[in-house]
Amino acid sequence: MKKKQFFFDRKNPKTFARFGSLPGYRRVSQETKVFCFFFSKKKYVLPLLLLSSSLAYAADNGEYLTRAADCAACHTKPGNVPFTGGRAIKLPVGTIYSPNITPDKDTGVGNYTDDEWVSALQRGVGHNGKYLYPAMPYNSYTLMSRQDALAIKSYLFSLKPVHNQVPANSLSFPFNQRWSLWFWNQVNNPAHRFEPDTQKSADWNRGAYLVQALGHCGQCHTPRNWMQGLKQGDQLAGAKQQGWLAYNITSDKTHGIGGWSDADLRQYLSTGTAPNHGPASGPMAEAITDSLRYLTAADIAAIVTYLRDVPPQTSGPPALLASAKTATTPDPLGVHVFNDACAGCHLPDGQGRQSAWASLAGDHSVGDPAGTNMLQILAHGSELRTNDRLVFMHEFTRSYTNEELAAAANYLTTTLSGRDSQVTAADIAAARTE
Amino acid sequence: MTYMAPTRRNFLKVGAALGGGLIVGLRMPGNARAEAAEANAPFAPNAFIRITPDGKITFIMSHTEVGQGIYTSASMLLAEELEVGLDQIEVEPAPPNVALYIDPNLGEQATGGSTSTIAGWGPLRIAGATARTMLVQAAAQKWRVDPATCVAARGVVRRGANGGGLTYGQLATAAAALPVPKDVALKPPSAFTLIGTPQKRLDTPGKVNGSLQFGMDVQIPGMKIGTVAACPVRGGTLRQIDEEAARAVPGVIDVVKLDDAVAVIGDHYWAAITGLRAAAAQWHDGPHGGVSTAGIIDALKQASDSDGFTALKRGDPHAAIAGAAKSLEAVYELPFLSHAPMEPINTTLHVRPDGADLWVGTQVPPRAQAAVAKNTGLKPEQVTVHNQYMGGAFGRRLDVDSIEQAARIAKNLSYPVKLIWSREEDITQDLLRPYYYDRVAAGLDADGKIVGWTHRTTCSWVMARWAPPGMKEGGKLDPDTVEGAMETPYDFPAQLNQTVRSEPDGVITAWWRGVGPTHNIFVVEGFVDELAAEAGIDPVDFRRRLAARNPRALGVLNLAAEKSGWGRKLPKGTGRGVSLQFAFNSYVATVLEVSVSDRGEVALHQAHVAADVGPVVNPDTLRAQLQGGLIFGLSMAMFNEITHANGRVLQSNFHDYRVLRMNEAPDVTVHIVDNPTAPIGGVGEAGTASASAALANAIFAASGRRLRRIPFATGQLAETGRS
Amino acid sequence: MFELNVNGQSHQVDVPADMPVLWVLRDVLGMTGTKFGCGIAQCGACTVHADGDAVRSCLLTVADAVGRQITTIEAIGGTPEGARVQKAWLDLEVVQCGYCQSGQIMSAAALLKRAPKPTDTDIDDAMSGNICRCGTYVRIRQAIHAAAEA
């Protein structure tokens, strides 16, 4: 298939254009074929006949793997050419800028050898022995096979080199001392490849590889320790990252995704919405836009199989039953603002008006009395691109006051979840700056 | 502004219509611009009234319909004297012809400044009366009777009240051959059967069933649809686009690159906008890439330290204030504003080697014609303007920048093209109402009477760009900047009005509904309210004393106070604010009742507006204009502002350029003072001009908080604010 | 190719799946009574009915509209609520520039179908998604009450 980026940049209208007219969508279905997975360690070979016409890509296809690893999300500044870096990642200790990973020799990764590349992905040590900051999820990518790592490299190296010097990181001492990361790596990077569990099905193992290695889901969904490493015992138990709550996606029925049907999970991962679960937003919308929507039905099913088996945890706001309702009299200001600004898409009862993505019934975010993600969406908006449409919500902070937005958030949460929502104007004020 | 009074000395022009029939028009002598245009123009076979032998009566509308109801009001003036029913006529928009259709108050064929009814009041009735007189004479000649024995009614001339009749159509050709009567008698107000009665608007049915065509709805055979992105920074240029990607979008037909913009044309808007996004235009920002609102305000503040031009000085206001028992000074600020009419900017244009057709809703047809001519190399007379109903204008369609852009695009295309701006383009590329930075000061004597008043405004001068001939004092004064500030309803024994010109970097400023008065009445009436509070006098009583020698001002003030129950006790957190104005030749007083919650939430309860506009043409339209105009102004005062960063407008659509909605609008009751013998006033903008001060004063009454910076309801009153 | 049912008539339209019904109506079917105002469901000028519910056609994709009965301003007078609303609009002289009124009438007709005797609060809830820049809200409210009484 033609090595041309048309999926990465959520701000790049080119993508929109192509999917607006569906050629990319059709192109996928033309590539039905049979392929195999190879898991390096034990020569675990899984011949797999792909029945669905939407299963398109060979697992060793560099472009497919690059999407599955969602490199574009961090390595593209919104509005810029994919992989040219420069996206600001705000950390408690300063701001770092994702590097340009096009094969430009001056400003990109053009000088990387294969070994350096693999070392960067697996050990966090890049070209000329430079330590990478762990904003790069090498503690997940370390599970990736050398073969897959190099397939990604060869895909990226097939792209046009773009000269783009990204801004220098602004980290405070001692975090600006890259050598100190040696210690961090000793504790926080497992530094080994994915080992299939022979007691589990091939599907489960494929899902585990996608979730743990390529998809690096834990980077958002797993809580962090005091060193900002991932807490291994709390895998996928939910965490707050960059102002957003990445929900508990363990198999717990109340707090995780245990209450979802397989079909709903698959639909959500592929399209960003599912009946009675609301739309994906923020970083999850980005993950779907840039990565998950490209995965084959078999891979999505494998992810679901694996997630079903993640040990349950009870952290985070309990998931919401779509039927939950409250009898409380809502705050008139909340009703007022909701009818002004929100009901055009969501309807006064939040059930959604002209698009499935606008239905907030059962949305985990609407069941969070702290309103963490709702605040982020109100303050910064959200955008999701599926294979056939662009779904968006604008920010509303430029013309509504903190008090108004807090009231609207509380109204929605209280009305749809029956929970006592306590978003304050100060919370909105804080979300504006996050 | 001095409004031209109706006069019999206006020059009437009557002639035969093509194919027979009668046409009646008239010109304003003494207007150099009109006379110059007349000297060069061939006799135009249409004017205000066209009656054809088949009996069809057409009124030609010199002013454009932006929603203010002028097509109906103007038709009432014509029909009243012509003696036809509104159900018997059709209206059509006038073509560009400055000689025939000039608005004497604006100095050109334009619709704005609430002048349409003022302009039409005399001439249209004279035109109707002249036509009727000639039709009656034609009938009398045919019957060989004294015209005085003939009666005209509902388009028929009869011999006596019950005699046989001839229709206007049957008489039109004969009438056109008669000499034009020098003086025609106009009906006294007591004889009016249409004027002063509530009449149904002519354009309502088509607007209720979706059949009426706005500019946006124009469909021409072979027409394609395009959309445009211009450089988001004024003065910047197009750097690059991905033309291949744009053309790859199904339905995209053409991509047109201009220096400062790119247009994508397709089979439909969705193809065009999808193609435009795919084009991913990138820009050179040019010299204004660093413009920010804070920088512009700083520049205005600095400029406000100079005296500027003194538009009025009476007495010695500085000495009066210095010697006053109490004195007060304040700064009032009004933000940049977008117009945001419901109908986004659109232009349909077919440019051919030998001519062009333009379908657009414009407040200035001759400028629109010239804009196409200038950008295509055609002569103006080769450009036919088909003016359209407008989905709001509010001053936006007094400019033709979008028509110039359309001409630059369409001249590259062989087919008719409708160019539609997205709402985002409509707001980010709007020409903005100026930012005003006003410094006011006044002194009170021991009795609480104002003894000295100074008001200095610092702003962009729209007139200097839009119509340099409209500048006063040899080009040293933009009169709009002090309109509503110089002529208040009050007696200030010593008064100083100054205006400082300070043009903002990278922003083009434009007219906005209510023009000068919308700006100045906020400042004057807000500050008068502050002085009332300082003097410890009730705001209505304070104004009564100030306007003691102005009976029309007192009339509306007392009426609004009475109807609103001024003085009656209100619950805590609720308050009434008053605003009194003389603008557009009309007197208006507004009392607004609001409440302010602990969270800074402002709720608009109800408003009572009293108006003395002199003679009333269509009272229902007068009420509608004051209701709607007030709500438009409240929307602005509550929410509206355009801000800039990196040379770019930060607002783009109704989610961040908020407007008042159903659940936020107050009930508005209009009370009309009957005053048929006074000079006629305009009303399209009067409500808007009264809104901000009434709201600021009501918020003060409700909360004790004095707001001097618009918009009010986006954080100023809240605990944590908006930003 | 999509089959779109508009005002009881079936139309085959060859357009992209994500094309909003608004543009199919206006630019493909030539039905211009439904207006473009904002494109982001903030103004309500494009309101049509889908199976009797008020929806913003600027964000309703043609793919999602397949199988639903779309009703526009051109045909709303054929419903009892629509006819009463239009008559009240005429009686009370609601309109000024008129550009938003197609959407206002569609929202009002849907409201009356759901709530034959709406309270002021019902009107606020149903109509606050429809912006009118001319400020005809006072009369819209009166007209809805009048239509409910008719």
Rounded if a/c under 1.5, otherwise prolate or oblate - chain B, Cα gyration tensor axes: oblate
Solvent-accessible area buried by B and A, counting both chains, probe 1.4 angstrom, square angstrom: 2500
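Just counting partner chain Cβ atoms within 10 Å, what average do the residues of peptide C:138-150 show around their Cβ?
Working: counts 15, 5, 2, 3, 1, 0, 1, 0, 0, 0, 0, 0, 0.
Across the residues of C:138-150, the mean count of other-chain Cβ atoms within 10 Å is 2.
With a/c under 1.5 counting as rounded, go ahead and sort the protein assembly as shown into rounded, prolate or oblate using the C-alpha gyration tensor (a ≥ b ≥ c being the square roots of the eigenvalues; past the cut-off, prolate if a/b is larger than b/c, else oblate). Mind dumping the intermediate values first?
Working: a/c = 2.10, a/b = 1.72, b/c = 1.22.
Here the protein assembly as shown falls in the prolate category.
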Charge dipole of the protein assembly as shown about the Cα centre (unit charges at C-beta), most positive-ward option of B:L378, A:C217, A:Q186: B:L378
Between A and C, accessible area buried - total, square angstrom, nearest 100, 1.4 angstrom probe: 1500
Residues whose placed amide H lies under 5 Å from that of A:A274, excluding near-sequence neighbours: none
5 angstrom amide H check on A:L91, placed H, neighbours 5+ away: A:I96
Sequence of B:D146, B:D259, B:D399 when ordered by accessible area, the most exposed leading, probe 1.4 angstrom: B:D259, B:D146, B:D399
Accessible area of B:L717 in the full protein assembly, 1.4 Å probe (Å², nearest 10): 20
Size of charge dipole - segment B:360-488 - debye, nearest 20, with Cβ of Lys, Arg +1 and Asp, Glu -1, no other charges: 540
Flagged links, alpha-carbon separation over 22 Å, of B:K563/C:K87; B:K224/C:K35; B:K257/B:K411; B:K313/B:K476; B:K207/C:K87; B:K569/C:K117: B:K563/C:K87; B:K569/C:K117
Cα centroid separation, segment B:285-319 to segment B:408-453 (Å): 16
Segment B:307-405: chymotrypsin sites (Phe, Trp or Tyr not before Pro) in DSSP loop, at most 16 other beta carbons within 10 Å: none
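So for each of B:155-167, B:460-472, C:125-137 I average, over its residues, the number of other beta carbons within 10 Å; can you give me the resulting order with the highest mean first?
On the way: B:155-167: 16.1, B:460-472: 17.8, C:125-137: 27.2.
Averaged packing, sorted descending, gives the order C:125-137, B:460-472, B:155-167.
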Dipole-positive endmost among A:F175, A:G233, A:N128 within segment A:120-260 (Cβ charges, Cα centre): A:N128
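Rounded to the nearest whole Å², what accessible area per residue is found for segment B:41-178 with the 1.4 Å probe? Before the final figure, lay out the partial values.
Values: 4310 Å² over 138 residues.
That works out to 31 Å² per residue.
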B/C buried area, accessible surface, summed, 1.4 Å probe, Å²: 4500
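Roughly how many debye, to the nearest 20, is the charge dipole of chain B about its Cα centre, given +1 on each Lys and Arg Cβ, -1 on each Asp and Glu Cβ, and no other charges?
Working: 68 positive and 71 negative charges, 298 e Å.
That gives a dipole near 1440 debye.
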Cβ-based charge dipole, the protein assembly as shown, positive-most Cα from B:N558, B:Q302, B:A153: B:A153
A:Y209 accessible area, assembled protein chains, probe 1.4 Å, Å²: 10
Estimated inter-spin distance, C:K113 and A:T328, nm [label 7 Å along Cα→Cβ]: 3.4
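Keeping the other protein chains in place, figure out the carbon and sulfur percent of the accessible area of segment A:225-376, with a 1.4 Å probe.
Values: 3200 of 5440 Å².
Exposed carbon and sulfur together represent 59 percent of the surface.
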Residue-wise HN-Hα coupling along segment A:391-399, computed from phi with Karplus coefficients 6.51, -1.76, 1.60 (Hz; x: Gly, Pro): 10, 8, 9, 7, 6, 10, 7, 6, 10
B:Y436 long-range amide H proximity, modeled H, under 5 Å: B:L334
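The values are calculated or read from the model by the stated rules, or taken from the named source; none is laboratory data. Quick caveat: nothing in here was measured; it's all calculated off a predicted structure. In this analysis, Cβ positions are derived from the backbone assuming ideal geometry, glycine residues included, and neighbour counts consider all displayed protein chains. Remember, those area values only see protein heavy atoms, side chains included, never the ligands or the DNA or RNA. Shrake-Rupley method; radii C 1.70, N 1.55, O 1.52, S 1.80 Å.
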